[in-house]
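Trainee: Dropping the structure in here first, questions after.
What follows is calculated from the coordinates using simple rules that are stated; it is not laboratory data. Quick caveat, the model's predicted, so the values are computed rather than measured. We place every Cβ from the backbone using ideal geometry, glycine too, and count neighbours over all the protein chains shown.
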Amino acid sequence: MEPRLNCEIVQDLLPNYIEGLTGESTNKSIQAHLADCENCRKALEQMTRDTQGIKGAPPKQINFMKKIKRRQWLIASVSVAIVAVLLIGAYYLFGTRDFPVPASDVKVSDVYRTNDGTVHFRVTAHVKGFVSRVSTHGNKHTEIYRIYEHRQLFSMEKESVVALPENWLSTKNANTNLEKTGIYFEGIDKNDRIVIWEKDMTVPPATAEQEEAYRKYLGK
Ligand SMILES: [Zn+2]
């Protein structure tokens, strides 16, 4: 056999030889050839270096890869955070939700007192969406009436005037029988209030018709 061919075969086999994939007799032939051939020894050295370069990247390169991965993570995390903020912002600006109707958009009318000390009132409200909720809550002495409208923060809809169902609120606490001191409409916060009735306030008495309406309301 010609040495050149041998070299070619040997160098073809070297990658598998380095990986330990060649058989025992092949290894012996390769080793015998390498002992006599400087060219192939050099080729083996070169291939071994290249293989190590791939398998065991030097620490600097690993750190660099880690840095890239860390940066990718950072970019991904920041992107997720930005998207979340945008979505929340979009919801905040354009998403419909409940807003308390401010006192400035509300009118209280028809305040009078029935024979049994119940206070009657009506509320009309300017809203940009629709009235979603009316709540009356209070503590021992006060009763707070609130309205919520369902709309966007910056609504393009036209305002409409909504007349809410009339109210009769007892001035006595049903459980404790204690006299109440006030009934208030509350808008966006505690300072945004309309006094509907307070203890020493003079409120017109109900007319006979109004008393009749109240009895109907009670189902009597
Ligand atoms: Zn050779």
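Trainee: Kindly provide the chymotrypsin sites (Phe, Trp or Tyr not before Pro) of region 116-220 that DSSP labels as loop, not H, G, I, E or B, and whose Cβ sees at most 14 other Cβ atoms within 10 Å.
Mentor: Within region 116-220, the qualifying chymotrypsin sites (Phe, Trp or Tyr not before Pro) (loop, at most 14 other Cβ atoms within 10 Å) are Phe154.
Trainee: Taking θ = phi - 60°, what integer Hz values does the Karplus form 6.51 cos²θ - 1.76 cosθ + 1.60 yield along region 63-68, in sequence order, with x for Gly and Pro?
Mentor: So the J values, rounded to whole Hz, are 4, 4, 4, 4, 4, 4.
Trainee: Under 23 Å between C-alpha atoms is the cut-off here; go through region 77-220 and count lysine pairs that meet it, provided they're at least eight residues apart or on different chains.
Mentor: Lysine pairs meeting both conditions in region 77-220 amount to 19.
Trainee: Another question about this same structure. Residues with beta-carbon under 11 Å from that of Ser109, excluding Ser109: net charge, scoring Lys, Arg +1 and Asp, Glu -1?
Mentor: Combined, the nearby Lys, Arg, Asp and Glu give 0.
Trainee: Counting only residues 5 or more places away or on other chains, whose amide H sits under 5 Å from the amide H of Ser170 once H atoms are built in the peptide plane?
Mentor: Val119
Trainee: Just report the Cα centroid separation between region 106-126 and region 137-186, whole Å.
Mentor: 11
Trainee: Among residues other than Tyr91 whose Cβ falls under 15 Å from its Cβ, what is the net charge (Lys/Arg +1, Asp/Glu -1)?
Mentor: Numbers: positive: Arg97, Arg151; negative: Asp98.
Net local charge, Tyr91 excluded: +1.
Trainee: For the chain, which cysteines have no disulfide-compatible partner, meaning no other cysteine Cβ under 4.7 Å?
Mentor: Those would be Cys7, since no other cysteine Cβ in the chain comes under 4.7 Å of theirs.
Trainee: Say a site is exposed when it is one of the GluC sites (Glu not before Pro), sits in a DSSP loop, and has at most 12 other Cβ atoms within 10 Å; what is then the longest site-free stretch of the chain? Intermediate values should be presented prior to the final figure.
Mentor: Numbers: sites that count: Glu157, Glu159.
The reported range is 1-156.
Trainee: Residue-wise, which Karplus ³J(HN,Hα) couplings in Hz belong to region 178-184, taking 6.51 cos²θ - 1.76 cosθ + 1.60, θ = phi - 60°, and x for glycine or proline?
Mentor: In residue order, the calculated couplings are 6, 5, 7, 9, x, 10, 10 Hz.
Trainee: When the Karplus curve 6.51 cos²θ - 1.76 cosθ + 1.60 is applied with θ = phi - 60°, which whole-Hz ³J(HN,Hα) does each residue of region 41-49 get, with x for Gly and Pro?
Mentor: Per-residue couplings from phi come out as 4, 4, 4, 4, 4, 4, 5, 4, 4 Hz.
Trainee: Once R0 is set to 41 Å, what does the formula 1/(1 + (r/R0)^6) return for the Cβ-Cβ distance between Thr202 and Ile88, expressed as a FRET efficiency to the nearest 0.05?
Mentor: Numbers: r = 50 Å, r/R0 = 1.21.
Computed FRET efficiency for Thr202 and Ile88: 0.25.
Trainee: Still on this structure: Amide H neighbours of Thr142 under 5 Å, counting only residues 5+ apart in sequence or on other chains, H built in-plane at 1.01 Å?
Mentor: Long-range HN contacts for Thr142: Thr181.
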